[in-house]
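To keep things clear, I will list the structure first and then write my remarks on it.
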Amino acid sequence: MPELPEVETVVRGLQAVLPGRRILDVRLGGKTNFIEDPAALERELPGSRVGAVRRHGKFIVVSLEKPKGDAPASSLLIHLGMTGQILVCLPEAPIAPHTHVFLGLDNGREFRYVDIRRFGKMRMLSGDSPKAPLGELGLDPLEASKQQFSALVLSRRARIKALLLDQSVLRGMGNIYTDESLWRARIHPARLGASLKEGEIYALYRAMRNVLNEAIRLRGSSISDYVDSEGQRGEFQLRHRVYQRLGKKCFRCGARIRRVIVAGRSSYFCPACQRAPRARKRH
């Protein structure tokens, strides 16, 4: 599933081509179960002008402006799910299988949403509608201060892997970048967040931000279906040090990478560099 760096990469690509463009028409494919209200897209998008494109956690928010005197401003909210892709191309470009949404733009180009498994989400947010699910999300990992991050970690008894994946705590983190951050910080994924010392918390904070920024610079990790808005694959998968490297040697110490289930998710770690928490003694 695309995580923060992949979504940020897509957003930056869209920021270069969408703002200021007017949407002329909407065409939907036959399978639109991932759209909350397909009729709302067909009703509200034509005639709208794109004001801005931004990322909110793993969501893409396309703000829309209406002509003066018309309905209040609204937004198109998109979640890429597991296999969602957004492409902006010429109308004569070959249409990829599983392309479900076409938005005709006033510069002769076309916005296309492709999703093989249709686990993504798309919905309209009106100016007066509730902002959920955006309002239910936590801090952005790249915007949180050291103090805010430390307070979040120490205030919960959850295991650190589960805590980092909790979108109500930190919006945008996922399995790949959580495992990579914990490996860099030398912290086992099953450690309780509240058990971490101040130095460990700050090491994790630095590692998380460095991993995310490096991944954004390399346009994300292309492990399965992810491509950016130009159809190009990311390169950060070449820098993975622990994720999906079960049985391979640790780049740091040479021990064999292992896998454990934490909070129902596969977690890759080095047993030498990331020491497991001691089991509690039974009385």
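Computed quantities for the displayed model
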{"item": "Residue that is surrounded by the fewest Cβ atoms within 10 Å (Cβ to Cβ), among those in segment 185-208 that are of a type outside the set (A, V, I, L, M, F, W, C) and in contact with a Phe, Trp or Tyr (Cβ under 9 Å, 6 or more places away or on another chain)", "result": "Y202"}
{"item": "Enumeration of residues in segment 216-247 that are of a type in the set (K, R), in contact (Cβ under 8 Å) with a residue 40 or more places away in the chain and under 23 Å from I116 (Cβ atoms)", "result": "R219"}
{"item": "Failed item in (1) surrounded by 18 or more Cβ atoms within 10 Å (Cβ to Cβ); (2) assigned to a loop (DSSP other than H, G, I, E, B), with L152 passing the rest", "result": "(2)"}
{"item": "Every residue from segment 59-76 that is farther than 17 Å from P19 by Cβ and at pLDDT 95 or above", "result": "F59"}
{"item": "Answer residue from segment 127-140, given it is closer than 24 Å to I86 by Cα and surrounded by 14 or more Cβ atoms within 10 Å (Cβ to Cβ) and is modelled with the highest pLDDT among those", "result": "D140"}
{"item": "Residue match in segment 35-51 (condition: within 25 Å of the chain's Cα centre (by Cα), in the same structural domain as G84 (by TED's automatic domain parsing), closer than 23 Å to S222 by Cα and in contact (Cβ under 8 Å) with a residue 24 or more places away in the chain)", "result": "no"}
{"item": "Some residue of segment 56-65 being over 23 Å from G135 (Cα atoms), of a type outside the set (K, R) and in a loop (DSSP other than H, G, I, E, B)", "result": "no"}
{"item": "Any chance E8 is crowded, with 17+ Cβ neighbours inside 10 Å and under 25 Å from the mean Cα position of the chain (by Cα)", "result": "yes"}
{"item": "Matching residues in segment 155-180 - criterion: being of a type in the set (A, V, I, L, M) and in a helix (DSSP H, G or I)", "result": "I160, A162, L163, L164, L165, I176"}
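For (1) surrounded by 14 or more Cβ atoms within 10 Å (Cβ to Cβ); (2) outside any strand (DSSP E or B), each residue gets a yes or a no:
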| residue | (1), (2) |
| --- | --- |
| Q232 | no, yes |
| V242 | yes, yes |
| R245 | yes, yes |
| G254 | no, yes |
| I261 | no, no |
| Y268 | yes, no |
| R278 | no, yes |
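The values are calculated or read from the model by the stated rules, or taken from the named source; none is laboratory data. Keep in mind that what you see is a predicted model, and the values were worked out from it rather than measured. Glycine gets a Cβ as well: all are built from the backbone with ideal geometry, and neighbour counts include every protein chain shown.
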